[in-house]
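No lab work stands behind these numbers, since they all come straight from the coordinates. As the structure is a prediction and not an experimental result, all values here were calculated from the model. Here the Cβ is made from the backbone with ideal geometry for all residues, glycine too, and neighbour counts use every protein chain on show.
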Amino acid sequence: MKINNKLLSEILSRTEGDFAPFYIYDSEKIRENCRVFYQIPYKNKAVHFATMANINHEFLKIVKTEKINVFVNSLLHMKAVQDAGFNGSEIVFTSSGQNKETMIKIHKAGAQINLDSPNQLAQWQKLFPNEKVGIRCNIGDKVEPYSTRAGFFIGSQSRLGFTIDEMKNIQDKHIIKGLHLYAGTDIFDTNYFLSCYNELIDLSLLFPNIEYLNFGGGFGVSEDGETNFDVKSYGIKVSELMNKASELHKKDLKLILEPGRIIGGIAGYFATSVSDIKDRENQILAGLNASTTQFSRPLLYPETANHPALVIRNGAILDKKDTKVTTIFGSSTYSRDIFCKDRHLPELKIGDIVVFGNGGSYSASSYTEFLGFQKPEEFFI
Ligand SMILES: Cc1ncc(COP(=O)(O)O)c(C=O)c1O
């Protein structure tokens, strides 16, 4: 796991004595991750950071200064992005099951909305007759859907979006101004993305007034944080595809992307300390002064979330030469309050600092009050 010296010394300066667990972010890394998206060659584009990955005010401000917009899926997150200075078309709102009041609020904010079903569209048309709108599309089993970390986002097993028949049956096709697709999360296969996008482009020909194609997010980050999806080569390919789509529609279509995880994933760390050791027969059980309710990916995805960890003692990172099989647990009675299982780590002692990496996305934002632990502070360096 990599951590630069600046961040390391910040962690050390904040971890003297008893300290509450906290997040720390490398702001420059967040900026770099924004820039590779902004540099995608296709000109008519907007990149909207998916705020469910991180809704921190300062994080949003960083993203904004890098000319990245936002995508939200709830009114609370819409308020948070407005507070950070995003307005109107800088906000994409894609969700499911929006009620009338939600639609009115999104409309009033001037955000771009993508509706999830024929009934949502009917509701919209009642509220705002003839006003153009986007829809979320389920391209069905036209490509073989990948089951990604959180399940299926397209195909017959996904609950989301208009089915192909539902798209074909839309009466007022002229009011559809954009199509939205989210192929799944944590994907590394550019060809899979492109196959899905091609199907969306085919479907877009059903609608004469298309202005944008929103291809969503889903760009992978490996669990150990060592490998990031190659945005540069993806950018070249997606630009070629958009040129082709624009030619088909005989107009300059807008490309919208909604990267989430990849923007902050490896830029964030969660720092905590060891508060208990149980020496068991085949392994060490180490307790932290923190709970997975404060660092929630291991709680939400116990089978797959596997954050890298480094151990600091007396101001120095311990090397991993002499390791013990270790399970790290949280300071609650909940049986699933487990940060990691059967990990080869240096033999931990009470007072050691443990820093988990790849913690900048879906970690602070999924904090839950369940079990009664405080929301950790977040620092940006
Ligand atoms: C519609 C939509 N767009 C974008 C994202 C961000 O996805 P990721 O973090 O995988 O890039 C999500 C995440 O669930 C989503 O639902």
Study note, to complete from the structure: LYS232 and HIS57 label points (each 7 Å along its Cα→Cβ direction) are spaced in nm at 3.7
Exercise for review: Work out, step by step, the length gained on full extension between ASN243 and ARG35: first 0.36 nm times the residue separation, then minus their alpha carbon distance; give nm to one decimal.
Suggested key: 72.7 nm
Point to revise | Residues ARG280 and ASN73, FRET efficiency given R0 of 41 Å [Cβ-Cβ distance, rounded to 0.05] | key: 0.45
Exercise for review: Mind checking segment 260-297 for trypsin sites (Lys or Arg not before Pro) that DSSP puts in a loop (not H, G, I, E or B) and that have at most 14 other Cβ atoms within 10 Å?
Suggested key: ARG280
Practice item. Find which of HIS344, PHE37, LEU213 sits farthest along the positive direction of the dipole of the chain, computed with +1 on the beta-carbon of Lys and Arg, -1 on that of Asp and Glu, about the Cα centre. Key: LEU213
Exercise for review: Determine, from the Cβ-Cβ distance of GLN374 and ASP202 and an R0 of 35 Å, the FRET efficiency 1/(1 + (r/R0)^6), rounded to the nearest 0.05.
Suggested key: 0.10
Study note, to complete from the structure: Stretched fully, the stretch from THR304 through ILE338 gains (0.36 nm per residue minus C-alpha distance, one decimal, in nm) 11.0 nm
**Study point:** Whole-number D in µm² s⁻¹ for segment 27-263, Kirkwood Cα-pair radius fed into Stokes-Einstein, 37 °C, 0.692 mPa s
**Key:** 184
Revision key, fill the gap. HN-Hα couplings for segment 26-42 via Karplus (6.51, -1.76, 1.60; θ = phi - 60°), in whole Hz with x for Gly/Pro, come out as 8, 4, 5, 5, 4, 4, 4, 5, 5, 5, 5, 6, 4, 7, 4, x, 4
Check your understanding: Per residue, how much space in cubic angstrom lies within the convex hull of the C-alpha atoms of segment 171-226?
Key -> 73
Check your understanding: Taking the Cα atoms only, what angle lies between the long axis of helix 190-204 and the longest principal axis of the chain, rounded to 10 degrees?
Key -> 30
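Just subtract the alpha-carbon distance of LYS105 and GLU166 from 0.36 nm times their residue separation and send over the number in nm, one decimal.
19.4 nm
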Revision key, fill the gap. In segment 313-380, the trypsin sites (Lys or Arg not before Pro) that sit in a DSSP loop and have at most 14 other Cβ atoms within 10 Å of their own Cβ are LYS320, LYS321, ARG336, LYS349
Check your understanding: In deg cm²/dmol, rounded to 500, what helix-only [θ] at 222 nm does the chain give when every DSSP H run of at least 4 residues adds -39500 (n - 2.57) and the total is split over its residues?
Key -> -8000 deg cm²/dmol
**Study point:** With at most 15 other Cβ atoms within 10 Å, longest stretch of the chain clear of loop GluC sites (Glu not before Pro) (DSSP)
**Key:** 17-130
